[in-house]
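Every number in this text was worked out from the coordinates using simple rules, so none of it is lab data. All values derive from a computational prediction rather than experimental measurement. Cβ placement follows ideal geometry from the backbone for every residue including glycine, while neighbour counts extend to all protein chains displayed.
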Amino acid sequence: MTPMTADHVLSRLSARLREARQRQGLSLDAVARLSGVSRSMVSQIERGESSPTVATLWNLTRALQVDFAGLLDARHATAIEVVTAAQAPRIAGHGKGCRITILSPPEKAGRHEVYDIAFDAGGALDSDPHGPGTREHVTVLEGSVEVASGEEARRLGPGDTARYRADLAHRIRAADGPARVLLVVETA
């Protein structure tokens, strides 16, 4: 087995960071915002023109959600990304009597978003219209909810899914007690 040279290590590191960024659909600017590392430095590292410090590398791996130790491993990193329940970000201050957990990656915000919403009895999430062509898909995991879009409303039970326009005022409300739904928002 051939020993790894500094150039080989930098080349592998550059390629792995670029692959991780592209796999997640992130721009250089997005990685810079998420990591606190300048866009020009991220670009230089990806081109193999700069050797990052351990602190810079740590910030980049956190932003890209890749394994720090696995970057230089000869085998490719795992194709399964895990976000534990404790790591999943939550949205506070929206709705009444509901807890919203963000399941989709941050770089998908505004394009394709996935949420787990737990409602207390009587809880509701009222939303103003989103951009033109936006649609939502709600699947009831537990309990029952009423979904309204514009003037139309439907009641859903466990396992039911509703797809509706979200470019109108819309609402999800727990119907008979606590409820839990999976919400997917697709922006046109």
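Work out, step by step, the length gained on full extension between SER144 and LEU168: first 0.36 nm times the residue separation, then minus their alpha carbon distance; give nm to one decimal. Intermediate values should be presented prior to the final figure.
Values: separation 24, 0.36 × 24 = 8.64 nm, distance 2.22 nm.
Full-extension gain reported as 6.4 nm.
Show me, bin by bin at 10 Å from 0, the whole-percent P(r) of the chain based on Cα pairs.
Values per bin, smallest distances first: 9, 30, 24, 18, 14, 5, 1.
Take VAL185, VAL145 and order them by how many other Cβ atoms sit within 10 Å, fewest up front.
Fewest-to-most Cβ neighbours within 10 Å comes out as VAL185, VAL145.
Once you treat every alpha carbon in region 90-186 as an equal point and sum by Debye, what is log10 I(q)/I(0) at q = 0.13, 0.18, 0.20, 0.22 Å⁻¹?
-0.38, -0.75, -0.95, -1.16
Go from 0 up to the bin containing the longest alpha carbon distance in region 6-72, width 10 Å each, and give me the % of pairs per bin.
Binned Cα distances yield the sequence 24, 64, 12.
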